[in-house]
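Asks: Right, I'll just put the structure down here and ask away after.
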Amino acid sequence: MKIDGKTEILGVLGYPVTHTLSPEIHNFLIQKYKLNLVYIPLEVQEHNFDAFIKNIGAINNFKGFNITVPYKVKSLAYMDVVSPEAEFIGAINTVSIKNNKCYGYNTDNFGFIKALEMNFPEFNLRNKEVLVLGAGGAAKAAAFSLLNAKIKKLVLMNRTHQKAVNLRNTLLQMFGEANIEVKEFNYSFLKTKQAIPHLIVNTTTYGLRSTDKDLIHLQNLKGSSTIVYDLIYNPKKTALLKDAEKYKLRTLNGKDMLVLQALKSFSIWTGISLEDELIKHFDKLRK
Ligand code: ATR
């Protein structure tokens, strides 16, 4: 990598950022395309966040940055322009800086859907029933993407029931016709007599710790074609995914989503086409 007076900067804003995989992904792509760019971690503490985000656009050769925990929601209000989906989801993970102005995007929802498509090409979300576990920011983004893809029914379940009710109300403002049901959180929910979901998505943070157990009882789904999608990628296999494998269900973790949201961000910054070009690197990057 050659750094000179014309090098432009990309990065990832967060706190902490030491565990992020984004620098590896983006610097790999920068080298592949021989671009005069560098992608660096941008670790900013909460008390410095306001100063950082207000002034970052002042650096002429700062091309853009990703945003990770805990700033995805907070950053939105500082953007000069926000894409419609990021506006609805209420969170941004990608900023493009042009003429000292900040443009905010959310590429997580693209990554979320594309990862499903890449892994299960025959699985068409249309007319599917989907159970989403959780009601935080990640759940909102997932639900938005699923309803956009015209699923038949969305079932929301969250430990704090009221948050799921609130999320349903928010979603109905945008998707007035959507079939959205909220269920009380219950580990044994899938044991009760009802339609088996085609897809279960875990958007909660439960599963991150090695001591975390499975969040929902899957045994009843044994032999079904249900896909269990856990957005967590570290650990690679949460207790939920291990259980799903035990019952011969199809599984997906969050790693492919991470890679695909990165490819989409890179496309926004560089103008390199995602579908024709960047997607070629998917297999290498997901390993
Ligand atoms: P994010 O923006 O990543 O979605 P969040 O807004 O903090 O993060 O939401 C975390 C989600 O994980 C919530 O749905 C939370 O449930 P509550 O709304 O009841 O807090 C869920 N969660 C976290 N720990 C959990 C646990 N031990 N069991 C079940 N759900 C859990």
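Asks: At what distance in angstrom do the alpha carbon centres of region 86-157 and region 208-287 lie from each other?
Replies: When both Cα centres are located, 14 Å separates them.
Asks: Considering every pair of different Cα atoms, what Kirkwood radius, in Å, is found for region 14-157? Before the final figure, lay out each step's value.
Replies: Numbers: mean 1/r = 0.0595 Å⁻¹.
The Cα-based Kirkwood calculation yields 16.8 Å.
Asks: Any idea what angle helix 161-174 forms with the longest principal axis of the chain, computed on alpha-carbon atoms, 0 to 90 degrees, nearest 10?
Replies: So the inclination is approximately 70 degrees.
Asks: Can you give me the accessible area per residue for the chain, using a 1.4 Å probe, in Å²?
Replies: On the way: 14210 Å² over 287 residues.
Each residue of the chain exposes 50 Å² on average to a 1.4 Å probe.
Asks: Considering only protein heavy atoms and a 1.4 Å probe, what is the carbon-and-sulfur percentage of the accessible area of region 129-244?
Replies: On the way: 2690 of 5640 Å².
On region 129-244, the fraction of accessible area on carbon and sulfur atoms equals 48 percent.
Asks: Next question, about the same structure. Magnitude of the Cβ-charge dipole of the chain, K/R +1 and D/E -1, about the Cα centre, nearest 20 debye?
Replies: Dipole magnitude for the chain comes out near 680 debye.
Asks: List the aspartates and glutamates whose Cα lies under 17 Å from the Cα of LYS98, skipping any in the same chain that are fewer than 8 positions away.
Replies: Cross-link targets: GLU8, ASP80.
Asks: I would also like to ask the following. Efficiency by 1/(1 + (r/R0)^6): what FRET value for SER188 and PHE282, r their Cβ-Cβ distance, R0 = 30 Å, to the nearest 0.05?
Replies: 0.20
Asks: Figure the gain on full extension for LEU208 and MET1 (residue separation times 0.36 nm, minus the Cα-Cα span) and round it to one decimal in nm.
Replies: Details: separation 207, 0.36 × 207 = 74.52 nm, distance 3.48 nm.
Additional length available on full extension: 71.0 nm.
Asks: Pairs LYS32/LYS248; LYS74/LYS153; LYS32/LYS246; LYS114/LYS287: which exceed 28 Å Cα-Cα?
Replies: LYS32/LYS248; LYS74/LYS153; LYS32/LYS246, as the Cα separations exceed 28 Å there.
Asks: Just grab the label-to-label distance for ILE272 and ASN27, each label 7 Å out from Cα along the Cβ direction, in nm (one decimal).
Replies: Output for this residue pair reads 1.6 nm.
Asks: Once you put a point 7 Å from the Cα of HIS19 and another 7 Å from the Cα of ASN166, both along the Cβ direction, what distance in nm separates them?
Replies: Simple spin-label model gives 2.5 nm for this pair.
Asks: Per DSSP H run of n ≥ 4, the term is -39500 (n - 2.57); total these for the chain, divide by its residue number, and report the mean residue ellipticity at 222 nm rounded to 500 deg cm²/dmol.
Replies: -9500 deg cm²/dmol
The values are calculated or read from the model by the stated rules, or taken from the named source; none is laboratory data. Quick caveat, the model's predicted, so the values are computed rather than measured. Note that each Cβ is placed from the backbone with ideal geometry, even for glycine, and that neighbours are counted across all protein chains shown. Just the protein is used for accessible areas: all its heavy atoms, side chains included, with ligands, DNA and RNA removed. Shrake-Rupley method; radii C 1.70, N 1.55, O 1.52, S 1.80 Å.
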